[in-house]
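Input: a single structure, listed below in structure tokens.
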Amino acid sequence: MSTETIRERLHEYIRFADDKKVEAIYTMVENEITEELDLWEDKAFLNELKNRIDEYESGKINGSAWAEVKQKARNQKL
């Protein structure tokens, strides 16, 4: 089963699961969710992000539109 299918099935399950099951699932991933949120308070991360934005805006590096990145990823053969 592909990761995309798993995500979709989990999303549907969580939408209709009872409160206790949703809380149990959240407990399993709570630390990871908290770590991701902490990135926005990490000065080193924010400085790196700013440097990358500055490089992109100055034309030093090129970027791709999100839609293009998604399409390229979908076209990759596994």
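Tabulated results
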item	result
Check on TYR26, in contact with a Gly (Cβ under 7 Å, 6 or more places away or on another chain), modelled with pLDDT of 90 or more and in a helix (DSSP H, G or I)	no
Residue count, the stretch 38-78 (criterion: surrounded by 10 or more Cβ atoms within 10 Å (Cβ to Cβ), under 30 Å from THR5 (Cα atoms) and of a type in the set (S, T, N, Q))	2
Considering residues of the stretch 1-23 that are not in a helix (DSSP H, G or I) and not small (Gly, Ala, Ser) only, the residue surrounded by the most Cβ atoms within 10 Å (Cβ to Cβ)	ASP18
Test: residue in the stretch 64-78 that is more than 18 Å from the chain's Cα centre (by Cα) and part of a helix (DSSP H, G or I)	yes
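The values are calculated or read from the model by the stated rules, or taken from the named source; none is laboratory data. Everything numeric in this text was worked out from a predicted model, so none of it was measured. Ideal geometry is used to build each Cβ from the backbone, glycine not excepted, and the neighbour counts take in all protein chains shown.
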